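For reference, the structure is listed below as structure tokens.
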Amino acid sequence: MSATPQTAILDNRFARELPEMAVAWQAEPAPVPRLLILNEPLAAELGLDPTWLRSPDGMGLLVGTAIPDGATPVAQAYSGHQFGGFVPRLGDGRALLLGEFSGPGGRERDLHLKGSGRTPFARGGDGLAVVGPMLREYLVSEAMHALGIPTTRSLAVVATGRAVARETRLPGAVLARVAGSHLRVGSFEYAAQYCRAADDLDLLRRLADHAIDRHHPDAAAAENRYLALYQAVITVQARLLAQWMLVGFVHGVMNTDNMTISGETIDYGPCAFMDSYHPATVFSSIDHGGRYAYGNQPAVAQWNLARFGETLLPLIADDDQEAVALATESLGRFGGQFDDAWLAGMRTKLGLASDIDVTTIRPLFDDLLTLLQQNSFDYTTTFRHLAQVLRGTDRPLPAGIDAWLPRWRALHPDPEAMDRVNPLYIPRNHLVEEALAAATDGDLQPLQQLADILAAPYDERAGLDRYAAPAPPEFGHYRTFCGT
Ligand code: AMP
Ligand code: MG
């Protein structure tokens, strides 16, 4: 395939630097490709012309069949703890890393496909993905981005024209995803295992150096660069988890292969936004024990980071006990870092000045959440409603909250500041389902409209009331499904 000037910029750095973790592979052809949605602002950021991306050559890139010269598409190897159990060989069973863009300011970003066919890591899977779930990842990841939360981005979803066998036959699709990288905790688990078998730390060291260079360059100057890498990942994950909790996001499948080294949210499978507030909220149909329930997420992240730390031990210190002590001390800081980020976020959500000491007002936050839980208030709308209460609108107050209000008002909250950080429009499950059902039936208008609304989550717009409202009761409890 001849490279166009636009696509000639894909590097193959991962494949070159970490060949033990990369299997060169090709995407399956898409019989009748049809572009369902394209992220034009993101395309422009990457230096890709949207008009070209809509052309047959451009769509060839988006489904992985027209690869620019010099790029080496690979399936990446990784391991992972899935629901607590170690799986030594996972890897990209239905995905390919096409290569890296070197963007403005030297910022490198992966271009990656999901649903591009079986790879040597496919095990029993068919290597394919379905229109609905790929559009779901597109909508939710872009909504997260608009909310200011670090995440992989979605460039496009292309329907392949191939039917995919699930419970019924469903239309197939490929998602083109962009990320700081696709390095996961599971990547380190894979390298650590490889190095134990080889009795040689070279691969692990190369992977850690690659991660430092791409994501945590300050660690390179530290006295103990691998300990500094560990601490940097702990910090970005503590902040990420606080952001998830503050918007009511439930990831749903926080296996170590779905946790990045960059601190970006990755792998939107059974994720969903919580409606009425409850820490035990679970959406995933396979999470029977509630391991990945909303309220458990910070603890699970810390558990995953412990698995990450274990992989780094031989790099952190020659002496095992010393390495364990250093890593344990670092991991112990996760809780405090999470709390700091969460408390500061709650202070902002409640419109309070930044010089208010959050530790002294923590009970105010906790009591509000208890009230939300006792009364099953919708988490997202509550914060917009509270700002309205300050403005003196005569909307009825949620019952039970009147005793809490004076304590909060005494701190002089600012309703305008609240509206700048509390979203009105989030990817509510019933809205997402509605848009996906229409798109699956060939009507792309509701999908595009929802994507456009979610791109500006804080700005109230006329005529969009139903997009800001919780699901109607008849929508019932929502269930999500993995790996489809
Ligand atoms: P996920 O639940 O999407 O994070 O995927 C977990 C693992 O299952 C990864 O190794 C995926 O590549 C693999 N996988 C998920 N769905 C499929 C599929 N349809 N075909 C092949 N591999 C899959
Ligand atoms: Mg995954």
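Tabulated data
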{"item": "Low-density loop cleavage sites - GluC sites (Glu not before Pro) in region 384-484, where at most 12 other Cβ are within 10 Å (DSSP)", "result": "460"}
{"item": "With all protein chains modelled, accessible area of residue 25 [1.4 Å, Å²]", "result": "100"}
{"item": "With all protein chains modelled, accessible area of residue 379 [1.4 Å, Å²]", "result": "10"}
{"item": "Å² per residue, accessible surface of region 13-182 at 1.4 Å", "result": "35"}
{"item": "Compactness relative to 2.2 N^0.38 Å, alpha carbon Rg of region 13-182", "result": "1.00"}
{"item": "Solvent-accessible area, 1.4 Å probe, carbon plus sulfur percent, for region 312-401", "result": "51"}
{"item": "For the chain, the Rg and Dmax computed from alpha carbons only, in angstrom", "result": "22.8, 70"}
{"item": "Accessible area of region 8-53 belonging to carbon and sulfur atoms, whole % at 1.4 Å probe", "result": "58"}
{"item": "Per residue solvent-accessible surface (Å²) - region 212-285, probe of 1.4 Å", "result": "27"}
{"item": "Per residue accessible area in Å² of region 340-484, where ligands, DNA and RNA are left out and the probe is 1.4 Å", "result": "49"}
{"item": "Length-normalised contact order of the chain in % [C-alpha pairs under 8 Å, at least 6 apart]", "result": "14"}
{"item": "Value of relative contact order over region 13-182, rounded to a whole percent, pairs C-alpha under 8 Å and six or more apart", "result": "25"}
{"item": "Carbon/sulfur fraction of accessible area - region 226-281, other protein chains in place, 1.4 Å, %", "result": "54"}
{"item": "DSSP bridge pairs, the chain: antiparallel proportion in percent, nearest 5", "result": "95"}
{"item": "Between region 155-214 and region 230-299, the Cα center-to-center distance that results, in Å", "result": "19"}
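The values are calculated or read from the model by the stated rules, or taken from the named source; none is laboratory data. Just so it is clear, the structure is predicted and the values come from calculations on it, not from any experiment. Please note: Cβ atoms are built from the backbone with ideal geometry, for glycine as well, and neighbour counts cover all protein chains shown. Only protein heavy atoms, including side chains, enter the accessible area calculation; ligands, DNA and RNA are left aside. Shrake-Rupley method; radii C 1.70, N 1.55, O 1.52, S 1.80 Å.
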